[in-house]
Amino acid sequence: MLSIAICEDENYFSEHIRKLLDRYLEEKNMEASVESYISGEELLGANKSQDIILMDIELPGLNGMDIIGRLRENGCVCQVIFITAYEKYVFQAFDVDAVHYLLKPVEEERFFSAMEKAVGRAALCSDRAILLMNQDLNTKIFIRDILYCEVFDHKIFI
């Protein structure tokens, strides 16, 4: 199941994006956990791993570009779709590896197209795995399933 965050400070747009997302998920027969945030700091403070973030740029406090930049610095590989009223940030979106950049008001067709791309990329990331070899036993572990790694007495515990 996908984990999706909507980060939008204006209630009207947040509800609009949520309705588009619900229609997309229903049409694709997909399930997702969806959380809404009204600021980038709230998103960061939630400390949750998201597959997809639908991010506004002009927010109270840190802007959306700064928030995604911080997430990337911390190793976040989530898929980001910027949804904003401002064209001036479009080139900065490339710097944080955004999937798409949509201008408000968001049209359903463009939103669905951006979501297709984000879902496809998220699926590729979730299939990454490592192969552990121990004498006669080979074990495949998906990266998404690893909570922590610990080395003790020349042994690795995953």
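The values are calculated or read from the model by the stated rules, or taken from the named source; none is laboratory data. These numbers were taken from a predicted model, which means no experiment stands behind them. Because the Cβ atoms are built from the backbone with ideal geometry, glycine has one as well, and the counts that use them run over all protein chains shown. Surface areas here come from the heavy atoms of the whole protein model, side chains and all, with no ligands, DNA or RNA. Shrake-Rupley method; radii C 1.70, N 1.55, O 1.52, S 1.80 Å.
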Calculated from DSSP H runs of 4 or more alone, at -39500 (n - 2.57) each and per residue, what is the 222 nm mean residue ellipticity of the chain, nearest 500?
-11000 deg cm²/dmol
Collect residues whose amide H, placed 1.01 Å from N in the peptide plane, falls under 5 Å from the amide H of Ile83; neighbours closer than 5 in sequence don't count.
Met55, Asp56, Ile57, Leu102
Residues in segment 13-48 near a label at Ser113, defined as backbone nitrogen under 16 Å from the 7 Å Cα→Cβ point?
none
Roughly how far apart, in whole Å, are the Cα centres of segment 19-34 and segment 88-115?
18 Å
The chain: relative contact order in percent, alpha carbon pairs under 8 Å with at least 6 residues between:
17 percent
Heavy-atom accessible area order for Val80, Val90, Val119, largest first, 1.4 Å probe
Val90, Val119, Val80
Heavy-atom accessible area with a 1.4 angstrom probe orders Lys28, Lys19, most exposed first, as Lys19, Lys28
With the cut-off at 1.5 for a/c, could you classify the chain from its C-alpha gyration tensor as rounded, prolate or oblate?
prolate
Charge dipole magnitude, Cβ of K and R +1, D and E -1 - segment 22-123, Cα centre, debye nearest 20
240 debye
Check each of the GluC sites (Glu not before Pro) in segment 1-83 and keep only those in coil by DSSP with at most 15 other C-beta atoms within 10 angstrom; list them in order.
Glu10, Glu31, Glu58
Long-range HN-HN contacts of Leu2 with modeled amide H, under 5 Å
Glu31, Ser33
Using only the heavy atoms of the protein chains and a 1.4 Å probe, how would Val151, Val77 rank by accessible area, largest first?
Val151, Val77
Hey, in the GNM for the chain with a 10 angstrom Cα cutoff, which one of Ile130, Ile52, Ile143 fluctuates hardest?
Ile130
Can you list which of the GluC sites (Glu not before Pro) found in segment 78-158 are DSSP loop residues with at most 13 other C-beta atoms within 10 Å?
Glu107
Can you tell me what share of the DSSP beta bridges in the chain is antiparallel? A percent to the nearest 5 is fine.
35 percent
Note to self: with every protein chain in place and a 1.4 Å probe, the chain gives an accessible area per residue in Å² of 64 Å²
Determine the alpha carbon to alpha carbon distance for each of Lys19/Lys88; Lys19/Lys140; Lys28/Lys48 and list only those over 32 Å.
Lys19/Lys140
Once both labels are modelled 7 Å past Cα along the beta-carbon direction, what's the Lys104-Lys140 spacing in nm?
4.4 nm
